[in-house]
Structure formats: structure tokens, C-alpha cells
Protein chains: 2
Amino acid sequence: MAARASSKTSESSDKVSVICRALRRAIIEQALEPGAKLPEDALGERFGVSRTIARHALGQLAAEGLVELRRNRIAVVATPSWQEARDAFDIRIELERLVVRQLAGRLTRAQIAELNAHVDAEDRARGGTDAVSIRLATEFHILLAHMTNSPILVRYVSEVAYRCCLTLSLYSRPHSSECAINEHRAIISALAKGDEAKVMELMHHHLDSVANRALVAPTPQRGRDLLDILAPYADEVTSDRVVKLPKIARRG
Amino acid sequence: MAARASSKTSESSDKVSVICRALRRAIIEQALEPGAKLPEDALGERFGVSRTIARHALGQLAAEGLVELRRNRIAVVATPSWQEARDAFDIRIELERLVVRQLAGRLTRAQIAELNAHVDAEDRARGGTDAVSIRLATEFHILLAHMTNSPILVRYVSEVAYRCCLTLSLYSRPHSSECAINEHRAIISALAKGDEAKVMELMHHHLDSVANRALVAPTPQRGRDLLDILAPYADEVTSDRVVKLPKIARRG
DNA sequence: GGCGCTCCAATTGCATGCAGTTTGATGTCC
DNA sequence: GGACATCAAACTGCATGCAATTGGAGCGCC
């Protein structure tokens, strides 16, 4: 038998949740780039709801770290710094090691089939856009998390995976997902064999190399976050009135 | 020099954030017990804001797992199941191992002093109520997380620590925090020495024993979540119309 | 041309109002 | 007395309206 008894985790069908899901997907597929503006009225109009609801949705996404909310300012898609990206991956590695540790040797045949089917889908998507490949790769990890039947773990893995997904779109060079797919297959196989240590090592290595392929260097040019780049230089001044930067728009 | 450059993580001074902080504290200090009702009007009136704001705050707290939000129903303080509590602690162990791994040997004298001062405060609070002891113990861990200067890590550690705090109030027997304090001191000392492996082991053992002291057994009586207790018995029936339970109120 | 100022459209922060749902109290029937 | 229908109060889901803040276009000055 698989890990545990059933449990419901799926988001309810609030209008708020619907908008959250839509925006989340748009963000991780890079339809909305980091820094893109998200005005409340525009969202409300687009989704046929009032500003109140759009606002509430933005609040939720901000809690997940996908959106940046500054008082009295238009919300924007988050632009994680390089260091934040590295931190996210570090956390992700630990969380996902936990996932596969709990799963090793405990998967049903049906679950293994489901995982294989997902990787097949990733394979088929290789011809398509990078955005879809990245999304599918991310969803593989979330699918794994779901199989633990631990709602908390699902939530955290999903969140941090989405964040990583977002940073990939910022810092990554044209994505080569081929090796990632092979690594996914290796993980499934080790999970089926039940080799706990091996699968933890595989997952660790997999995520580490995804991170390293992407976050090769702080790449400040493409990183475009003027404020972060300037931060070390500003540290000398007393933290107020430091950055006037009147004409440099944060958004590219 | 300490871990990294500065970064701002503190919640803004929205009315929403104020209410969140207040409720969070009330919950972890058990002023609000698990299952306690949180009607929007009442909150709004109490904090001198409109229902809109109270509602938004509840949404945020629900995202953190401290509040349960069911459509068209009064929000209640979350009542984690025993299994969820165990899951939360598992995640917490991994996250906090990461924290001390990043911190080992990298703390400034000032930071070490700050940590020691906090534990002194825990010591002094030993005569007081359990609620305050638990809160201080939790805040020690959050203080550690802050010292990594990783906003993401701070957020996750805080969240999961609060959740654990909440479950302690549900399942724990009268708290004996003495050993926990000694363990805190040992962790500080190992951090100062910079013994990475040792401090990770200490933290792991510390959290594990906190969890074991608390979550001794599923203790269904005090667990009071009728629906969860009955769930396995209901699994035989086809998942709809299962629980009419007309007269058994979920709240104790 | 470049810099600063003023002012207005765009946008957020928040309260209020209305409609629909849930709760539980009362009354009715057996 | 106990189960069931009925109904009003309580509460949530959501839209709208108003005041306050922001950002940037236009304009004058150097």
C-alpha cells in the first residue's frame, strides 16, 4: 500500500484561488516575466472579478514569494536576487531529499506508472518551448511530493519549486532539459528499488546540477536588479536617503 | 564578518500585517486555542478595521497554516492532525539543520551574545506559564534563522516553527522546557566552535526529542478532531454522504 | 539640452453595502 | 420526549465607492 491515508489538499474553488492558479501558471511559464506589472484593476477586469478579489489573490501570491507587493505601488512579478535563488535551491534540495526518503520503496505500481507517464510527457515536450519543458520538469517534483500524502510537504515543495522555476527564467541560459529527464528516470527507478540512500543522493545531485546549470554566476547584467547590484556600494552610507536613483526605473 | 549583506524581511506596517502578527501571537501563546472561531466582523471590530482587512489577514494566516478557512464558514484556528504535526517536525528538522550548517563558525561575537541573552530570557521565564516558555523557545529558533540572512529560510523556518508550536499546545503534556534550554546552550556553543557536523547533529537531536516529548502517541482523546478520528471508519463508504454527524459540533 | 516643478491620471488602501449561505432556535407533529 | 420542518439572525462572498498616494507628462528655467 502507498504511503498514507487520503487527504485533501487541492485549493478550493474560490474566485481568489482561480486567479491565483492562473497567475501562478502564467508566471512559471514566463508569460509574465519577472518585473511585470500586475495592477489590481487590470487583473480584476481580465478575470471578471472586482479589485477586492484580485487584490486578495496578489496577497496570496506574495505570501508564496511569486509576487512583490510594495505599499501604494503596483504589484510586480517577483525578481529574486541571485543569492535568493541559491537559497531557494538549497532549501529545495533538503525538502526533496525528505520527499524521496519517505517514498523510497513505498510506491505502488500505479504510482510508478504515473511517474513514468509524466516523464514520457516531458520527453515529448522536448521539441516545444523551454517554458513548457521547465513547467513539466517542475511538476514532476510536485507530483512526487503529492505522493507523500503530506499536505505540508506538498505546499512547501510546490512553493519553493515555483520560486526556483521563476529564477530559472531569470538567470538560466537556453535550457537543456535532456539530462534532467534522464535524471528523473533514474530517480523513479531508484525509488522503485527502494534504495533510500541512493535515491536521496540522486535527488541531491539532480537538483544541484539543475541549480548549477542555471545559476552559473551572479550574471549581474541579465540580473537587472539595479538596487541589488548597488546595495554593497550603498552600505557605507547611513541606510536612509541612500538610493534616490530618480530616473532608473526598476522594471527593464 | 557574519553570514551576508543586510536584507529587509520584516513585515510592512499594513493594517493587515498588524492583525496577522497579533493573531499569530495570540495563537502560539494559546490565548486562542485550536478550533477557536474567528469571525471577520468580530476581528474587524476588535482591531478597529473593516471586515475586508480582517478577511485578508485571515487569508494570510491560512496560507501559513495557522488558520483553517472553509467556504461560507467561520474561520477557525487550525487543528493539525497528529500526522500533520509529525510531518511538520520532520520538515522542521531538515530546515533547521540547514540553518545551523550555514551558521556554524560564521557568527559574530555580537550574534553569539544575542543568542545567549535570548536563552537567558528563556531561563528566567521558566517560572511563568508554559505558553510563554514555548513561545520563547520557538523564537530562539527563529532568531537563528534570521542570522542566516536568507529571507526564504526565515520565512519557512518561522512558519513551520509556529505550526509546531500550535501542535505542541494540542498534543503536549505539561511542558518541561528545562532540557530544551540546555540543548539551546549546547547548540550555541557548537556554533561558536564552528563544528558543523556536531551542531547539525545537536539540532537534529534537539528537535527530535522536542517532537518525541510532545507527540508521544496519537492521543486521540485530546486530539478532539472527531472527523479525523472517524475518517478510517468512513473510508469504507463511498466518500459522499458519509458524515452526516448532525449533532457533533467540530469545535469542542 | 538638461534639470526641477506642478499637476493630473492612474492606482492603491480601505470601508461599506447587498446578496446568498449557514447556523441554530423555535415550533410542530408523532 | 424526540425527530423534523421553518425561519430569522449571523456570517461570508463579493462589488462598489471614496480618500490618499504615486508616477510621469508637460512646462518653465537655467
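The values are calculated or read from the model by the stated rules, or taken from the named source; none is laboratory data. Because the structure is predicted, anything quoted here is derived from the model rather than measured. Cβ sites come from the backbone with ideal geometry, for glycine too, and all protein chains shown count toward neighbours. Accessible surface is based on the protein model in full, side chains and every heavy atom, while ligands, DNA and RNA are left aside. Shrake-Rupley method; radii C 1.70, N 1.55, O 1.52, S 1.80 Å.
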Treating only Lys and Arg (+1) and Asp and Glu (-1) as charged, each at its beta carbon, one finds that segment A:15-78 has a dipole about its Cα centre, in Debye to the nearest 20, of 160 debye
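Using a/c under 1.5 as the rounded threshold, could you call segment A:15-78 rounded, prolate or oblate? The axes a ≥ b ≥ c are square roots of the C-alpha gyration tensor eigenvalues, and prolate needs a/b larger than b/c, oblate otherwise.
Taking the square roots of the gyration eigenvalues as a ≥ b ≥ c, segment A:15-78 is rounded.
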Taking R0 as 51 Å and r as the Cβ-Cβ distance between B:Ala121 and A:Ile112, the FRET efficiency 1/(1 + (r/R0)^6), rounded to the nearest 0.05, comes to 0.50
Neighbours of B:Ile93 by Cβ distance under 10 Å: Lys/Arg at +1, Asp/Glu at -1, summed charge -3
Treating only Lys and Arg (+1) and Asp and Glu (-1) as charged, each at its beta carbon, one finds that segment A:82-214 has a dipole about its Cα centre, in Debye to the nearest 20, of 160 debye
Flagged as over-length at 27 Å C-alpha distance, from A:Lys37/B:Lys15; A:Lys37/B:Lys37; A:Lys15/B:Lys37, the pairs are A:Lys37/B:Lys37
Rounded to the nearest 10 Å², the accessible area of A:Ile181 using a 1.4 Å probe with every protein chain kept is 10 Å²
So, in nm and shortest first, the distances from A:Ile112 to its counterparts in the other copies, with label points 7 Å along Cα→Cβ, work out as 5.2
Given unit charges at Cβ for Lys, Arg (+) and Asp, Glu (-), the dipole magnitude of segment B:96-163 about its Cα centre in debye, nearest 20, is 240 debye
Here the correct list, in nm and shortest first, of distances from A:Ala131 to the same site in the other copies, label points 7 Å along Cα→Cβ, is 5.0
Projected area averaged over all directions for the convex hull of the alpha carbon atoms of segment B:16-155, nm², comes out at 9.9 nm²
Segment A:27-176: relative contact order from alpha carbon pairs under 8 Å, six or more residues apart, as a whole percent, is 30 percent
Interface B-A: total buried accessible area (1.4 Å probe, Å², nearest 100) of 2800 Å²
homo-copy label distances at A:Ile74 (7 angstrom along Cα-Cβ), nm, one dp, ascending, are 4.2
Averaged over the residues of A:150-156, the number of partner chain Cβ atoms within 10 Å of each residue's own Cβ comes to 6
